[in-house]
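Here's the structure we're looking at; comments come further down.
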Amino acid sequence: MRKEIGCVLLLLLFLLCGCSGKNNSGEYVLYYMNIDGTKILPADYEAEGEDGENTEALALEFLAALKEEPESSKMRRTIPDAVEVLGVKRGDYMLTVDFNGDYYEMGASEEVLVRAAVVRTLTQLEGISFVAFTVESEPLLYPDGMPVGSMSADSFVENPGNQINSSLRTTLTLYFASADGSSLVKETRDVHYSSNISLEKLVMEQLIEGPKTAGLQAAVPNGTRLVTVSAVDGICYVNLDENFRSQNSEISEAVVLYSIVDSLAELPEVDKVQISINGDTKGKLRFTYDLSAMYEPDYSYIQPEEE
């Protein structure tokens, strides 16, 4: 219930902010990546074509613009250079965009942000409520082989922004490894942080920093660097550097995984977590857990709290 209420509030905030759709001056809004590649940002755009005359041509114009570097120094292109748009096709209330095979070479966190940016951009077009992706004319698939299907602008919910450089305070529930590495122990801590940092990033930074409770140990290896983290549509994508592979063999693989998953899932906007290493989701966490999978929290590894 807590997660459902949080998602509804976030969605209402997004809609009230008017972050999609045509503005009063007749210009459109295109969505680009921020420099860190952790979220998408809007930029005003005046189209060369006219809406309603040739939707497919206008969609191609938008997509071509998303492959170019934007004017703002705070943004970068949305569609990577190697990813090509092979064509677009209009149906009833829907637009299908076909990409080349290099689409699947994107990291998980980058890919979902590209999807969000493209869908929010194209659903501004008159009569277009949904967008579907294909790759080499085949439906786009999730890592588990399931089709992504059609998407609307409401398919992606982002954290509403706060004022820059404001100081915030929150209480985090984190899970660290027990002394013998066989289970997880809950630690609650109050944290002051800058509003420029997302809660997902804050949780990961605290996990990497390690526990403050005596007798516990960090499940995330010492020296691990957080490359990127983003949460879109209920899924948190965590991209760690190569040092994450240097795991303490005395800490079980499940404890390493669910230290991250269970801690992030305490946030109302996170339902599942996917971990990548330098953007790569091939291989396993260590021996058992596939990086390509999206994991829901599992609280069976947590030690019961003492009375």
Collect the residues in the stretch 233-251 that are farther than 17 Å from Val185 by Cα, touching a residue at least 24 places away in the same chain (Cβ under 8 Å) and either among the acidic types (Asp, Glu) or out of contact with any strand residue (DSSP E or B) (no Cβ under 9 Å at 6 or more places or on another chain) (or both), keeping them in residue-number order. Asp233, Asp241, Glu242, Ser246, Gln247
Thr78 versus (1) under 20 Å from the mean Cα position of the chain (by Cα); (2) over 30 Å from Leu202 (Cβ atoms); (3) at pLDDT 95 or above; (4) β-branched (Val, Ile, Thr): which is the lone unmet condition? (2)
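Filter the stretch 182-193 down to residues that are assigned to a strand (DSSP E or B) and modelled with pLDDT of 95 or more, then give me how many there are. Please lay out each step first, then the result.
Keep residues of the stretch 182-193 that are assigned to a strand (DSSP E or B), which gives 184-193.
Still in the running and modelled with pLDDT of 95 or more: 184-188.
Qualifying residue count for the region: 5.
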If the requirement is being in a loop (DSSP other than H, G, I, E, B) and either outside the structural domain of Asn239 (by TED's automatic domain parsing) or at pLDDT 95 or above (or both), which of these qualifies: Ala132, Ala116, Ala179? Ala179
Please work out which one of (1) in contact with a Gly (Cβ under 9 Å, 6 or more places away or on another chain); (2) touching a residue at least 60 places away in the same chain (Cβ under 8 Å) is the condition Ala116 fails and give its number. (1)
Among Asp144, Asp98, the single one that is assigned to a loop (DSSP other than H, G, I, E, B) and either within 18 Å of Lys67 (Cβ to Cβ) or of a type outside the set (Phe, Trp, Tyr) (or both) is Asp144
Of all the residues that make up the stretch 257-273, how many are crowded, with 21+ Cβ neighbours inside 10 Å, touching a residue at least 40 places away in the same chain (Cβ under 8 Å) and not hydroxyl-bearing (Ser, Thr, Tyr)? 6
Restricting attention to the stretch 251-282, which residues are under 21 Å from Gly215 (Cα atoms) and in a helix (DSSP H, G or I)? Glu253, Ala254, Val255, Val256, Leu257, Tyr258, Ser259, Ile260, Asp262, Ser263
Based on this model, can you work out whether Leu86 counts as touching a helix residue (DSSP H, G or I) at 6+ places or on another chain (Cβ under 8 Å), on the phi < 0 side of the Ramachandran plot and modelled with pLDDT of 95 or more? no
Top-ranked residue in the stretch 55-94 [being touching a Gly at 6+ places or on another chain (Cβ under 9 Å) and in contact (Cβ under 8 Å) with a residue 40 or more places away in the chain; ranked as nearest to Ala116 (Cα to Cα)]: Arg76
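Any residue at all in the stretch 104-111 that's of a type in the set (Phe, Trp, Tyr) and either over 20 Å from the mean Cα position of the chain (by Cα) or surrounded by 15 or more Cβ atoms within 10 Å (Cβ to Cβ) (or both)?
So far as the stretch 104-111 goes, no, none of its residues is of a type in the set (Phe, Trp, Tyr) and either over 20 Å from the mean Cα position of the chain (by Cα) or surrounded by 15 or more Cβ atoms within 10 Å (Cβ to Cβ) (or both).
Take the stretch 194-224 and flag every residue that is in a strand (DSSP E or B) and modelled with pLDDT of 90 or more.
Passing the criteria: only Gln217.
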Only one of (1) free of Cβ contacts under 8 Å to residues at least 24 places away in the same chain; (2) assigned to a strand (DSSP E or B); (3) hydroxyl-bearing (Ser, Thr, Tyr) does not apply to Thr228, and that is (1)
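The values are calculated or read from the model by the stated rules, or taken from the named source; none is laboratory data. Source: prediction; values computed, not measured. Counting neighbours? That spans all protein chains shown, and the Cβs are built from the backbone with ideal geometry, glycine included.
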